[in-house]
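Quick notes on the structure that follows.
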Protein chains: 2
Amino acid sequence: MDTEEQLNRAFLALGDPVRRAIVARLSRGAATVNELAEPFDISLQAVSKHIQVLEQAGLVSRTRDAQRRPVHLEAARLERLTAWIDTYRLAAEQRFRALDALLASTDGGAAATEEKKQ
Amino acid sequence: MDTEEQLNRAFLALGDPVRRAIVARLSRGAATVNELAEPFDISLQAVSKHIQVLEQAGLVSRTRDAQRRPVHLEAARLERLTAWIDTYRLAAEQRFRALDALLASTDGGAAATEEKKQ
DNA sequence: TCATTGATCAACCGATCTGTTGAATAAAGA
DNA sequence: TCTTTATTCAACAGATCGGTTGATCAATGA
């Protein structure tokens, strides 16, 4: 399973309010499909599909307990997402700070100001 | 503009490899649509649409420089995404650590083990 | 003014997504 | 065995997505 593909699936999975609510719920502990479906006004089958999407993204996993299939949050996968975002966020912020420093230093500030105001 | 809706758009926006590549590129500095389109084998119009998706998500903004429209990364919006993810990731990890502690403490470990192995 | 450059708008197409309903499967319990 | 509970599978409909091409707009520069 490609990592790029997993990133894709994970971000797409979180791009839905029902699935984000499911993730939020699971952060407080494992739950069955029925339990997860309870707050929503959609069919159980629709919720089951949402869980499959989250599972394919690696964001949740499932075990078996008799006829129940408890769903668990995979915190490690969430961390991969923040890691991806932070890579670029921090790069952008650092670049911005470097520009600030340049701006503050004596002269040569013209070009820096040009970029800064954009 | 609803915050929930913005979260949605932002996660969906990052759920596409072209848009993630654009974000990565912009973390190294602003760029025009033409510059952003250069690495891809798709039409300029397609890239323009991707940028509009990112803009609607609040992940990028644009200024004007003659007939060019430089695109800038909005690091603050990226931070909101990590903040959302971390809220639930940290909750899940803390719960897990609490379970570990319970497990390590003398007896009463049966129920904890039960959850832990799932 | 007219051609060029940079980018967007509009209409369209095929694929994927989110929901539905109805049927099927799997395990537990009477 | 028969019923109930928990969940999934299958087929479908409508909406949205990502791409295309062709036309248009806006600013520069000759």
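Data overview
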item	result
Restricting the stretch B:7-51 to residues that are surrounded by fewer than 13 Cβ atoms within 10 Å (Cβ to Cβ) and polar (S, T, N, Q), the residue that is farthest from A:Leu14 (Cα to Cα)	B:Asn34
Helices (runs of 4 or more DSSP H) completely within the stretch A:20-114 that count 3 or more residues being within 13 Å of chain B (Cβ to nearest Cβ), of a type in the set (Ser, Thr, Tyr) and away from DNA strand C (no atom under 12 Å from the Cβ)	A:75-104
Out of B:Ile42, B:Ile85, sole residue that is closer than 23 Å to A:Gln94 by Cα and of a type in the set (Val, Ile, Thr)	B:Ile85
Test: residue in the stretch B:57-67 that is within 11 Å of DNA strand D (Cβ to nearest atom) and either modelled with pLDDT of 95 or more or touching a Leu at 6+ places or on another chain (Cβ under 8 Å) (or both)	yes
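The values are calculated or read from the model by the stated rules, or taken from the named source; none is laboratory data. Since we're looking at a predicted model, the values are computed, not measured. Every residue, glycine among them, receives a Cβ derived from its backbone with ideal geometry; neighbour counts consider all protein chains shown.
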